[in-house]
Structure formats: C-alpha cells, structure tokens
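Asker: This is the structure I have questions about; it appears just below.
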Amino acid sequence: MVWTRNNIEIGGEKQHTHTKFPTVLVNGRLGAVYFFNPRHFIGLYGVANTLLKRKSETELVENKWIVRTFYGMRI
C-alpha cells in the first residue's frame, strides 16, 4: 500500500509531515503445516509488517513481526 498524506501524533498533538517519497506499507504472511501421522500435526505461521517513510533528511523504517507454532490432534 502506498499513500502520500501523512500525519504523525506526538504527545496527543497531530502534526503534518512533508515527505519526499510516498509512505510504503508492506504486509506479509507465511504458514506451514506438517502431518507426521494421520492423527497428529504441527505447524507454524508468521506475520510481518514493514513501514517506510522518507523525508529529505531523515528516513523512518519500522518492522514488526511475530511467529507462532501450534500442535493439533484429530479426534
């Protein structure tokens, strides 16, 4: 997702930022499941978010991610 209108909130006060390049937001998801017999399985999934905002003299890059594992059994 790309957008050009930017406001930032600092201490409850909104300020408009004049960016040189549009702000870019990238989201990604990944998942996998492995059945090690017909009744039991294990897996993992992950989510990642990256935000890139550039001004003439500064650059802001924010990365957030999480990976989770799970185990399951068919009844």
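Each value in this text was obtained by applying a stated rule to the coordinates, not by laboratory testing. The structure displayed is predicted, hence computed values, not measured ones. Using ideal geometry, Cβ is built from the backbone for each residue, glycine included, and neighbour counts are taken over all protein chains shown.
Asker: For Arg54 and Glu9, calculate 0.36 nm times their separation in residues minus their Cα-Cα distance, and state this gained length in nm to one decimal.
Answerer: Once the chain is fully extended between Arg54 and Glu9, it gains 14.5 nm.
Asker: What residues qualify as long-range amide H neighbours of Lys55, i.e. H under 5 Å apart, gap of 5 or more or another chain, H built at 1.01 Å from N?
Answerer: HN-HN under 5 Å from Lys55: Lys20, Leu60.
Asker: Just add up the charged neighbours of Val47: K/R +1, D/E -1, any other residue whose Cβ is under 12 Å from the Cβ of Val47.
Answerer: +3
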